[in-house]
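Working notes, structure below.
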Amino acid sequence: MGDRADYPGSDAGDLHRAAFEEAAVGLAIVSPAENRILDANRHLCRLLGYEPGRLSGIPLSDIVGGHLPAEGIQSWRAADGRAVEVRVTRSGAAGRTLLVQSVDPDEAVRAEQNREALTAAGLGEWRWDAGSGRITLSRRAGQILGHAPGPSLTWRDLRASLSESERLRIGGLVGEAIERGRPYFFECRIVRADGSEVIIGVRGQPLAGPEGGLSGMVGVVQDITTRVEARDALLGREQRLRVATSLARLGIFEWHMLDDHAIWENERMFEIFGRTPEDGSVGKTEFLNEVLHPDDRKAVRAAISSALREDGILHVAGRVRRKNDGAWRTIEMAGRLERDAPNRLPRRLIGVVADVTDRRLAEERQSLLIRELHHRVKNTLATVQAIVGSTARTASSIESFYEAFVGRIMSLAHTHAVLTEDTWQTASLRTLLVNELKPYAEGTMEGTADGRVSLEGPPVDLASEIAVPIGMAIHELTTNAAKYGALSTRGGRVAVAWSLLPGGPAGTLRFEWRESGGPPVEPPRRQGFGSRLLQRVLTTQVQAEVTTDYAPEGFRLTMLAPLPQRNDALNPLA
């Protein structure tokens, strides 16, 4: 096809001219020397927004921004100034005839450089033709699947590289996507022709034919073996971490600071705070203002502020009220603040929470026992001194003194053994009383007897958690009576009576200690360690109601203590 002047005024020329004007693609004849469009058909005029015939004589620079355009996809300027993406093919003498086609936006960006980018990203393209049943692979797709590029693969070939379960899963997924006409994605493990295994990610899109049926599918495939293995390794580490934190009874949480939203990662967090998943987690505002004990809020706020300033690890402790039963529990919380960039506010806090209530109580009990040990040594020496004096006054000979003295010292040692032995689970209340008071008794201690010490009450076995504090209280009462009260004089008398009342998990113990015949009693001017020990041990550890009476005729103590249900699971010998 030549210049417009090349068309002769004949029927053939008219036919050629009609074909030029009515072509379904844009056609233009250009003059490289004049850098001008000599002629353009109607389709090209419509494509660029010109009236038919108005492109003739226009400089190429008005349309393409330069001289004779190169082949390929490029941007031309329409009559209204907008850019139009077109594909240009040159033909004819010296490339003077241009074939110009509009380009789909997706095709406009589909350059060879894009294909290189797809390859660099590990993506290979594929196309399946419904008519032939063959899958055409790009070079990268062929490398991933272990097949030659081009139409070298069928669905039957691909099925052979999958396990039976994967065939069923993928077949159902793709079938549903075809039925609904929507894209799909799946991951699977395949065995390549060389026997090696890879994990691939496949994206596909069904293509509809002219009559609405399925004409084929197109998509991309990627080798994701390394990514999946890294993901599985990370999930494995997370699972091991969850197992470790579960065994350690630790709760895991994330606190997103900008929206004050907390994510509780495991069930232990809900257990610690006495909440259910339906209750939801607790953010900072609710935690500080409602859940945390008022006396601990100032310290916790200060610790959070310090961690924010110093970009360090947050470590706080405090008491929280459980939602389900209202009980106060002591927790320790540790976490690390994460920032998107240096010198920016933290984005979130990741941490763990431990319920340390039992540990704190054990530490407090241990501290109390250590203090009691020091105090008991002093009291024991005083007791020994009182035993020596009492025994000496009643002994008729060295032999009788020795026999009575050794017996009373052995009784005192038995009391210490009962209180410090770590394998027993119950202790008889009468045994605790007898071991403490026997060194001061003269004769039997039965309640009906007229002796210095009388004991009256039914058999009562005390669980270990209250046997120790009650035994300590009995020791303290005995020591005080021997040093200052009824047992400090020859005519003094101690009567102990107890009974079981209804109420509490296993009944309520009513315990009464009465002294008489000793020196006149006066209320203490100051509260010593012994008095504080009685109050703290009996009220805090036994949850007992304690009443003391310093009447002149003799000291009196009454205690009402709920007895806990015995738990055989705590028996270390079982």
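Scanning residues 5 or more positions from L563 or on other chains, those with amide H under 5 Å from its amide H are A506, G507, T508, L509, with H placed 1.01 Å from N in the peptide plane.
Residues of segment 461-499 with amide nitrogen under 14 Å from the 7 Å Cα-to-Cβ point of E442? Under 14 Å, as judged by backbone N against the label point of E442, lie 487-494 of segment 461-499. Full extension of the chain between T285 and E211 yields a length gain of 20.5 nm, computed as 0.36 nm times the residue separation minus the alpha carbon distance. Placing +1 on each Lys and Arg Cβ and -1 on each Asp and Glu Cβ, with no other charges, gives segment 247-355 a dipole about its Cα centre of roughly 320 debye. Whole-Hz Karplus values for segment 318-326 come out as x, 9, 10, 9, 6, 6, 6, 10, x Hz, taken residue by residue from phi with 6.51 cos²θ - 1.76 cosθ + 1.60 and θ = phi - 60°; glycine and proline positions read x. Taking a ≥ b ≥ c as the square roots of the eigenvalues of the Cα gyration tensor, segment 247-355 is prolate, since a/c reaches 1.5 or more and a/b is larger than b/c.
Counting 0.36 nm for each residue step from T226 to H16 and taking away their Cα separation leaves a gain of 69.5 nm.
Work out the FRET efficiency for T547 and R322 from their Cβ-Cβ distance, taking R0 = 45 Å, and round it to the nearest 0.05. It comes to 0.90. Please compute P(r) over all alpha-carbon pairs of segment 119-223, binned at 10 Å starting from zero, and give each bin as a whole-number percent. Over segment 119-223, the share of Cα pairs per 10 Å bin runs 15, 50, 31, 4, 0 percent. Averaged over residues, the count of other Cβ atoms within 10 Å places the peptides 39-50, 171-182 in the sequence 39-50, 171-182, highest first.
Length gained on full extension, A33 to R192: 51.4 nm, using 0.36 nm per residue less the C-alpha separation.
Since every read-out is calculated from the coordinates, none of them should be taken as a lab result. Only a predicted model underlies this, so the values are computations on that prediction, with no experimental measurement involved. When we count neighbours, we look across all protein chains shown, and the Cβ atoms used for this are built from the backbone with ideal geometry, even at glycine.
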